[in-house]
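Everything below concerns the one structure shown next.
The values are calculated or read from the model by the stated rules, or taken from the named source; none is laboratory data. Nothing here was measured: the structure is a model prediction, and the numbers come from that model. Using ideal geometry, Cβ is built from the backbone for each residue, glycine included, and neighbour counts are taken over all protein chains shown.
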Amino acid sequence: MSHFDAPESLPRLQIFALDCPDPLALAAFYSRVTGLEVEPLGDFAPEQVTWIELLNGSAPTLAFQKIDGYVAPTWPEGAVPQQAHLDLLVADLDAGEAHVLSVGATKDPYQPGETFRVYLDPVGHRFCLVQAPGEAKPSGEGGGVG
């Protein structure tokens with residue numbers, strides 16, 4: 001069963017939230033990565049924001065939640081295990097890499113695959129760029145945790 005023919009009675013993904021020390025800064029980073037807009041602040045001052053979302057119509061979206069004392073996950077080893085990561089599809093890994101690096105991502109030194117690559121967002125969450133099925137094959141070095 002695909003998500004297109006799932007019965008209405010089943011839960012559907014609405015939001016995937018990432019913990020962070022500064023929701024506005026991380027939302028701005030992922031806005032630059034994905035091209036999705038950050039929701040308006042409304043009557044809130046920036047220092048009052050503890051939760052903010054990217055606007056994605058009725059499709060699932062990302063949100064960012066302020067956590068006091070936030071500690072970045074470590075992976076593949078370390079005291080703070082990774083609990084989740086994002087996979088983002090791209091048609092071209094090299095072009096996708098150039099884009100995410102230009103907006104502030106860091107390439108993870110650990111690159112275990114060839115059809116995906118691993119990056120860190122500005123607060124240490126890992127995410128992967130994944131070669132879209134049927135698209136051009138990666139031309140650079142491979143890697144990822146996909």
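Points to keep in mind about this one:
- Within segment 23-50, being surrounded by 14 or more Cβ atoms within 10 Å (Cβ to Cβ) and over 19 Å from Gly96 (Cα atoms) holds for Pro23, Leu24, Ala25, Val38, Glu39, Val49.
- Qualifying residue in segment 101-109 (condition: touching a strand residue (DSSP E or B) at 6+ places or on another chain (Cβ under 6 Å) and at pLDDT below 95): no
- Cβ separations smaller than 8 Å between residues 6+ apart or across chains give the following pairs from segment 12-27 residues that are within 15 Å of Tyr70 (Cβ to Cβ) to residues that are in a helix (DSSP H, G or I): Leu18/Leu26; Cys20/Leu26; Leu24/Pro46.
- Of all residues in segment 81-111, those satisfying the criterion of being exposed (fewer than 15 other Cβ atoms within 10 Å of the Cβ), free of Cβ contacts under 8 Å to residues at least 60 places away in the same chain and of a type in the set (A, V, I, L, M) are Leu89, Ala91, Ala95, Ala98, Leu101.
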